[in-house]
Amino acid sequence: MSDPVELLIAAERLPADYAEVVEMHWKPLATRIARAAANRKPLIVGINGAQGTGKSTLCKFLEVLLKQRGLRAMTLALDDLYLTQAERLQLAAEVHPLFETRGVPGTHAVAMGFSIIEAVLAGREFEIPHFDKSCDDRSNDVTRVSGPVDVLLFEGWCIGAVPEKASALARPINLLEAEEDPEWTWRTLVNHWLGEDYKQLFGLIDLLVMLKVDSFDSVLANRRLQEQKLADLNPIGPGLMDEEALVRFISHYERLTRHILTEMPDRADILYSIGPDQRPRIGN
């Protein structure tokens, strides 16, 4: 077996019929990206999707498929830009306790993201950091990239998101907000930063792809699967969560995820509806 797509399907432990997903959905997407890159290079492609929609898997296939089209693609995950655990603890102590938990705008090193994308646009060498979720901290490992990159795949759960109306913040969306953010300080700051630093960062995106789940209810189920994969890789990782911790963790994401699901589909350049099997539905 020498076909790069088949090799990747095997390496990712995906069922053999995943080749149909690649053929029907990811190859046409790669072709569209390649055409866009012909007119604008390097091209920054934003890939938005709630937890468990397959963003990282998609990016791996796009790297392979774009290489077959003569383009060098690299992936930058928003998750890898998380602040270190020490930085989040400081933010929690000085600003609001909920910022200890990674995820929402305000818990990323946005300046690092700017630096990487600026290096890509300038054709300079750069380093991609890595965040170890099993330890809930940034890893010491980095990926060094030299030479020009034709396409940067910038993926993350809130990539391309825009702020809510301030009036929507007053009413808590779940118990976490009601009990731990009663004066809406935390969610107001999240919304503020989304309209400031993150707006500028996401403004560098040339093409926005959205992997849309049906509802927020799908997120918890998908996140459980992710947590099990983390446990399989590192059973004693201190960052692993039990069910209670997982539900609380996901509550941090709920408000913005619901907002994205409502607001983004009408403006995304490319939209895929993701089914319960974590695959694009026929008809995308």
Q: Mind listing whichever residues of segment 12-21 are over 28 Å from residue 258 (Cα atoms), assigned to a helix (DSSP H, G or I) and not hydroxyl-bearing (Ser, Thr, Tyr)?
A: 19, 20
Q.
So, in segment 72-114, exactly how many residues are hydroxyl-bearing (Ser, Thr, Tyr) and closer than 25 Å to residue 37 by Cα?
A. 1
Q. Somewhere in segment 26-43, is a residue under 29 Å from residue 259 (Cβ atoms) and in a strand (DSSP E or B)?
A. yes
Q.
I'd like to check something: does segment 206-213 contain any residue that is in contact with a helix residue (DSSP H, G or I) (Cβ under 8 Å, 6 or more places away or on another chain), modelled with pLDDT under 95 and surrounded by 15 or more Cβ atoms within 10 Å (Cβ to Cβ)?
A. yes
Q | Residues located in segment 191-201, provided they are within 16 Å of the chain's Cα centre (by Cα) and within 26 Å of residue 171 (Cβ to Cβ) | A | 194, 198, 199
Q | Within segment 118-156, tally of residues that are under 18 Å from residue 62 (Cβ atoms) and either at pLDDT 95 or above or in contact with a strand residue (DSSP E or B) (Cβ under 7 Å, 6 or more places away or on another chain) (or both) | A | 12
Q) Tell me, which residue of segment 264-278 that is of a type in the set (D, E, K, R) and under 20 Å from residue 45 (Cβ atoms) is surrounded by the fewest Cβ atoms within 10 Å (Cβ to Cβ)? A) 266
**Q.** Single condition residue 70 does not satisfy, out of (1) modelled with pLDDT of 95 or more; (2) under 22 Å from residue 180 (Cα atoms)
**A.** (2)
Q. Name the residues in segment 1-37 that are hydroxyl-bearing (Ser, Thr, Tyr) and either more than 20 Å from residue 152 (Cα to Cα) or crowded, with 18+ Cβ neighbours inside 10 Å (or both), would you?
A. 2, 18
Q. Strands (runs of 3 or more DSSP E) wholly in segment 95-201 with at least 3 residues that are surrounded by fewer than 19 Cβ atoms within 10 Å (Cβ to Cβ) and of a type outside the set (D, E, K, R) - which ones?
A. 137-145
Q. Could we say that residue 115 is over 21 Å from residue 162 (Cα atoms) and modelled with pLDDT of 95 or more here?
A. yes
Q: Would you check which residues across segment 52-78 are within 17 Å of residue 120 (Cα to Cα), within 20 Å of the chain's Cα centre (by Cα) and outside any helix (DSSP H, G or I) and list them?
A: 73, 74, 75, 76, 77
Q. Only one of 60, 55 is of a type outside the set (Phe, Trp, Tyr), touching a helix residue (DSSP H, G or I) at 6+ places or on another chain (Cβ under 8 Å) and either surrounded by 14 or more Cβ atoms within 10 Å (Cβ to Cβ) or modelled with pLDDT of 95 or more (or both); which?
A. 60
Q) Among the numbered criteria (1) loosely packed, with under 15 Cβ neighbours inside 10 Å; (2) modelled with pLDDT of 75 or more, which single criterion is violated by residue 218? A) (1)
Q) Is one or more of the residues making up segment 237-251 touching a Leu at 6+ places or on another chain (Cβ under 6 Å), surrounded by fewer than 17 Cβ atoms within 10 Å (Cβ to Cβ), closer than 18 Å to residue 217 by Cβ and at pLDDT 80 or above? A) no
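The values are calculated or read from the model by the stated rules, or taken from the named source; none is laboratory data. Everything numeric in this text was worked out from a predicted model, so none of it was measured. As a convention, Cβ positions derive from the backbone with ideal geometry for all residues, glycine included, and neighbour counts pool all protein chains shown.
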